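Visitor: Mind having a look at this structure? Questions to follow.
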Amino acid sequence: MKKYIMIAAGALLMQYAQAQTIDRTKQPKPGPAPVLTIKDPVKYILPNGITLLVVENHTLPKVSATYLIDAGPITEGSKAGVVNLMGEMLNEGTKTMPKAVFDEASEKLGANVGLSSTGGYASALTRYFKEAFTLMGTALKEPAFTQESFDKLKSQTITGLKSSAKSAPAIANRVNNALAYGKNHPNGEFETEESIQALTLQDVKDAYAKYITPSRGYLTIVGDIKPEAAKALATEVLGNWKGAALSLPKLAEVPNPAKTEIDVVDVPNAVQSEINVINLVDLKKNNPDYFPAILASYILGGGPESRLFMNLREKHGFTYGSYSSLGTGRFQETFDASASVRNAKVDSAVTEMLNEVKRIRTEKVSDEELNIAKALYNGSFALGLEDPARTATFASNILINNLPADFYKTYLQKVNAVTADDILRVAQKYFNYDNTRVVVVGAASQMLDGLKKSGYSVHMYDKYANPVTENTSAAAVPAISAADIVKGYISAVGGEAELKKITSAVITMDMAMQGMKLNVVQKKMAPNKEAMSITMGGNVVMKEAFDGEKGYQQQGPNKKDLGADEIAKKKAFTQLTEQLDYLSNPAFKLAVKGTQKVNGADAYQVSVTDPTGKTSTEYYDVKSKLLVKVENSTVQGANTINTTVELGDYRKAGNVLMPYKQTITQSAGGQEQTFEMTVTDVKMNTGVTAEDFK
């Protein structure tokens, strides 16, 4: 029988076209940068020390409020994850209003009320704002903190960590900061299943008492409200609130590597690698370097017109996009150039990324490139000013970062004053080349040899940023034929005779994807008829059928016939168990590529090319002989969709073994998603008719 199903995922491409009537042979000269007219918010200090900033704007009958607690980086130590969990629990009702009642009250107002570990948010029509703001304030001051809610959120957090345990982007997000800052630094800490499992409700209450407080609190109220009314409401709801006093932590400076190094985290199932070129920077917003530095980062990797993007995507086709970012603030931040690249091109992509960093450090940008970057950056900044809340954000930034009062009013002037010499100077200062860190998270077997030829020191780490010793024997080709590996699998699941007795099957599965629960029913009939339907809440969201000669895919109201290539691939199989066709049909080409670790155990890596020329890679556990992973790729329009299916929890279904757990990871267009499927019922040789495939 087929041991997995793959859900085809399409990506929505957005295009932007701009028509101009100007003479394109001449670059327009930039005009003078305007001094922005930004109305200063009205500022108050509440009795408990909360700073209130009010931006009056009567354009719409709506008011929003945001409360921010400026606690700085928080060190959690062995209780990593407790602060985020505490923030989630603030949304679980109050001492006087259970969650269901609280949520209903918010919905009746048509309001948006939410809490987090850094504060809260409330937005509503003017007539309902007082009630919405009161809900937010009550949730901040009097959270319910029930054991039931704690157990639920704790379980959800652990489930989320498990579902992303083999996701290269998720692992990269964790190890990048851990390697850059160190695992004992507040910015390098990360939660694990073990740290979350060890947390108690009292830990959450302790974190709340320490960090949810009026101390260092900034409340911004924006919209259809008079400043005096905003002050009165804020004082009524939050003015008497008391809490622990906060002070910003003092953190020791973390050094960058003495020499450039490449740090590799092996994720064998990854179909593409996450590359991050990272170094730590100390760049405060009141530093004169701030404006040339953010513009330099924009030129390097700010968007589709940037150098990294044009090189890695447009010139070489390594990735869907490559970008850079530059953190600024009171503490050490990161400069980070990133890209998601197919494994085979990782070494080349790393070389090109470092080349672009070197180029902006050694060559002056042209006047044309600098002017284009300024225009694009200024336009983006100006668009942001359409949001009235931005004014309040500016005001709180000025206070928190000790900025000049006219910092944002003269923002564009300072951007436009940046010169090519400034770009060169700050690039040399903040974008490291000789002493940077390149973190690569992906399938080491497909890119490690190439990285070793780069001339840089290469270090191996596990997915928790712990150093590991490289397994040099993993790539060795074992002394066993592909046919014998497949025969071992057939024998392990029940034998050829038992597999051939199966003429039809109905497999029912539960699927968890992005917090949604779906039901999957897959039907098969020899020689190669198959149908699958995915439903949610009883409604069909996707369906596919093939009757042996033709078929279709349907998603919602959209229905598409299978193409000639898809039909040819399905007709290549003449038995319900693919591996039987591998051995009986010489048109299938098998090759052993080596062994790899899959879930900590050695597995044979077998390349399978079907009669249509389509190649996939299958992994068979050396000890159990069972199929444990499948990798392949398909093309849909302009997208290449890479799919990895991990199989486990083999159980008896009739007289044969089949996997009851499948973890499917798909990536396309730089995006990745993971979902799990669990078999709930299997019926052999019953419950299937030819009508099921029409």
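Visitor: Say a site is exposed when it is one of the GluC sites (Glu not before Pro), sits in a DSSP loop, and has at most 12 other Cβ atoms within 10 Å; what is then the longest site-free stretch of the chain?
Guide: Longest stretch, sites excluded: 1-252.
Visitor: Need the list of aspartates and glutamates near Lys374 for cross-linking: C-alpha distance under 13 angstrom, and skip anything on the same chain fewer than eight residues off.
Guide: Glu305
Visitor: Suppose every K and R has +1 on its Cβ and every D and E has -1 on its Cβ; what is the size of the dipole of the chain about the Cα centre, in Debye to the nearest 20? Don't jump to the answer; show the numbers that get you there.
Guide: Working: 77 positive and 75 negative charges, 63 e Å.
Approximately 300 debye in magnitude.
Visitor: Radius of gyration and Dmax for region 547-590's Cα atoms, expressed in Å?
Guide: 13.2, 40
Visitor: How long are the semi-axes of the equivalent ellipsoid of region 164-298, taking √(5λ) for every eigenvalue λ of the Cα gyration tensor, in whole Å from largest down?
Guide: For region 164-298, the ellipsoid semi-axes come out as 37, 25, 17 Å.
Visitor: Return the label of the correct value of volume of the Cα convex hull per residue in Å³, as calculated from the structure shown, out of (1) 179; (2) 193; (3) 308.
Guide: (2)
Visitor: Also, quick follow-up: Using a 10 Å cut-off on Cβ atoms, rank the peptides 480-486, 43-49 from the highest mean neighbour count down.
Guide: 480-486, 43-49
Visitor: By the gyration tensor of its Cα atoms, with a ≥ b ≥ c the square roots of the eigenvalues, what is the shape of region 559-694: rounded for a/c under 1.5, prolate for a/b over b/c, or oblate? Write down the numbers at each step before the final one.
Guide: Details: a/c = 1.23, a/b = 1.04, b/c = 1.18.
Since a/c stays below 1.5, the shape of region 559-694 is classed as rounded.
Visitor: Place a label point 7 angstrom from the Cα of Ala405 along the Cα-to-Cβ direction, then list the residues of region 378-398 whose backbone nitrogen is under 15 Å away.
Guide: Those under the cut-off are 395-396, 398.
Visitor: For every other residue with a beta carbon closer than 12 angstrom to the beta carbon of Asp203, add +1 if it is Lys or Arg and -1 if Asp or Glu, then tell me the sum.
Guide: Here the charged neighbours net out to +2.
Visitor: Let me ask something else about it. Using unit Cβ charges (K, R positive; D, E negative) and no other charged atoms, how large, in debye to the nearest 20, is the dipole of region 87-231 about its Cα centre? If you can, show how the numbers build up before the last one.
Guide: On the way: 17 positive and 17 negative charges, 63 e Å.
Roughly 300 debye, rounded to the nearest 20.
Visitor: Another question about this same structure. Per residue of region 169-185, in order, report the coupling 6.51 cos²θ - 1.76 cosθ + 1.60 (Karplus, θ = phi - 60°) as ³J(HN,Hα) in whole Hz, putting x for Gly and Pro.
Guide: Each residue of region 169-185 in turn: x, 5, 5, 4, 4, 7, 7, 4, 6, 4, 6, 6, 9, x, 5, 9, 7 Hz.
Visitor: Also, quick follow-up: Rounded to the nearest 500, what is the 222 nm mean residue ellipticity of the chain from helices alone, with -39500 (n - 2.57) per DSSP H run of 4+ residues and division by all residues? Present the calculation step by step, with values, prior to reporting the outcome.
Guide: Details: 19 runs with 213 residues, N = 694.
Value at 222 nm, helices only: -9500 deg cm²/dmol.
Visitor: Here's another thing I want to ask about it. Let me make sure I get this right: for region 292-372, a, b and c are the square roots of the gyration tensor eigenvalues over alpha carbons, sorted descending. Under 1.5 in a/c it's rounded, otherwise prolate if a/b > b/c, else oblate. Which is it?
Guide: Values: a/c = 1.92, a/b = 1.29, b/c = 1.48.
Taking the square roots of the gyration eigenvalues as a ≥ b ≥ c, region 292-372 is oblate.
Visitor: Using Cα positions and a limit of under 29 Å, work out the lysines in reach of Lys95, with same-chain residues fewer than 8 apart set aside.
Guide: Of all the lysines, those that pass the test against Lys95 - Cα under 29 Å, at least 8 places apart if same chain - are Lys62, Lys79, Lys108, Lys130, Lys141, Lys152, Lys154, Lys205, Lys210, Lys231, Lys242.
Visitor: Rounded, prolate or oblate: pick one for region 257-328, where a ≥ b ≥ c are the square roots of the eigenvalues of its C-alpha gyration tensor, a/c under 1.5 means rounded, and failing that, prolate if a/b is larger than b/c, else oblate.
Guide: Values: a/c = 2.76, a/b = 1.37, b/c = 2.01.
Verdict is oblate for region 257-328.
Visitor: Rounded to whole Å, give me the distance from the Cα center of region 209-267 to that of region 499-561.
Guide: Each part reduced to its Cα centre gives a spacing of 49 Å.
Visitor: List the residues of region 404-426 whose backbone N lies under 20 Å from a point placed 7 Å from the Cα of Leu385 along the Cα-to-Cβ direction.
Guide: Label zone hits: 404-418.
Visitor: How far is helix 482-493 tilted off the main Cα axis of the chain, in degrees rounded to 10, range 0 to 90?
Guide: Roughly 90 degrees, rounded to the nearest 10.
Visitor: Can you give me the Cα centroid spacing of region 284-344 and region 589-620 in angstrom?
Guide: About 37 Å separates the Cα centre of region 284-344 from the one of region 589-620.
Visitor: With all protein chains present, how much of the accessible area of the chain (probe radius 1.4 Å) comes from carbon and sulfur, to the nearest whole percent? If you can, show how the numbers build up before the last one.
Guide: Working: 16490 of 32410 Å².
That fraction is 51 percent.
Visitor: A further question on this structure: Measure off 7 Å from each Cα along the Cα-to-Cβ vector at Glu363 and Thr75, then give the distance between these two points in nanometres to one decimal.
Guide: The answer from the label model is 4.5 nm.
Visitor: Once the piece of chain linking Lys452 and Glu691 is laid out straight, how much longer is it, given 0.36 nm per residue of separation minus the C-alpha distance between them?
Guide: Here the segment from Lys452 to Glu691 would lengthen by 80.4 nm.
The values are calculated or read from the model by the stated rules, or taken from the named source; none is laboratory data. What you are looking at is a predicted structure, and each value in this text was computed from that prediction instead of being measured. Quick reminder, even Gly has a Cβ in these numbers, built from the backbone with ideal geometry, and neighbours come from all protein chains shown. With ligands, DNA and RNA removed, areas are computed over all heavy atoms of the protein, side chains included. Shrake-Rupley method; radii C 1.70, N 1.55, O 1.52, S 1.80 Å.
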